[in-house]
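Okay, so here's the structure we're looking at.
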Amino acid sequence: MSPGLNHTTQAEIAIRAQDVGRVYRLGLLRRRHLALAGVDLEVARGLSLGLVGPNGSGKSTLLRILAGIDQPTEGTVRVFGEPPDAPAVRRKIAYLPDGSPFPGELTARRALALIASLRGLPRKEAKALIPPMLE
């Protein structure tokens with residue numbers, strides 16, 4: 001348990017990670033690459049947290065797990081008491097990676113249209129939803 005959070009109730013916890021680990025399989029031989037091991041973390045609602053460490057230390061991997069983009073290979077993660085990929089959590093959090101996964105010539109409007117298309121949203125529906133999202 002994190003210092004200063006010993007008396008924090010379940011409702012006051014925004015993020016809880018217990019014994020989280022992540023292994024990737026790399027290359028043709030599918031070698032194991034250990035990205036995270038035994039991470040324990042509690043963050044109370046309303047607090048900010050900064051992750052600091054050298055390249056390759058697992059910062060981005062942990063953030064991707066907390067955002068529900070990747071799954072841990074071991075351990076559990078709860079965000080507002082639920083798994084990070086739960087719809088209620090997905091509406092409350094966002095993950096903004098360092099670089100854009102889209103080509104530079106793609107406008108924000110077209111990027112949203114592409115995502116909507118990939119998710120199977122009808123074009124007419126997407127066209128109505130995109131302007132408020134851009135606001």
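The values are calculated or read from the model by the stated rules, or taken from the named source; none is laboratory data. Please read these numbers as outputs of a predicted model, since none were measured by experiment. Here Cβ is always computed from backbone atoms with ideal geometry, including for glycine, and neighbour counts include all displayed protein chains. To get the accessible areas, we keep the full protein, side chains included, count just its heavy atoms, and leave off ligands, DNA and RNA. Shrake-Rupley method; radii C 1.70, N 1.55, O 1.52, S 1.80 Å.
Evaluated against (1) in contact (Cβ under 8 Å) with a residue 12 or more places away in the chain; (2) more than 28 Å from Ala17 (Cβ to Cβ); (3) exposed (fewer than 13 other Cβ atoms within 10 Å of the Cβ); (4) of a type outside the set (D, E, K, R), Ala126 falls short on exactly one condition, (3).
Taking (1) surrounded by fewer than 17 Cβ atoms within 10 Å (Cβ to Cβ); (2) touching a residue at least 12 places away in the same chain (Cβ under 8 Å); (3) not aliphatic (A, V, I, L, M) in turn, Asp70 satisfies each apart from (1).
Take the residues in segment 83-105 that are modelled with pLDDT of 90 or more and open to solvent by less than 70 Å² (accessible area, probe 1.4 Å); name whichever of them is farthest from Leu41 (Cα to Cα). Out of the qualifying residues, it is Ala88. Do we find that Arg78 is open to solvent by 90 Å² or more (accessible area, probe 1.4 Å), at pLDDT below 95 and either out of contact with any Leu (no Cβ under 6 Å at 6 or more places or on another chain) or not acidic (Asp, Glu) (or both) in this structure? In short, no. Is there a residue being touching a residue at least 12 places away in the same chain (Cβ under 8 Å), open to solvent by 80 Å² or more (accessible area, probe 1.4 Å), in a loop (DSSP other than H, G, I, E, B) and over 20 Å from Ala88 (Cβ atoms) anywhere in segment 30-47? Checked against the condition, which is being touching a residue at least 12 places away in the same chain (Cβ under 8 Å), open to solvent by 80 Å² or more (accessible area, probe 1.4 Å), in a loop (DSSP other than H, G, I, E, B) and over 20 Å from Ala88 (Cβ atoms), segment 30-47 yields at least one hit.
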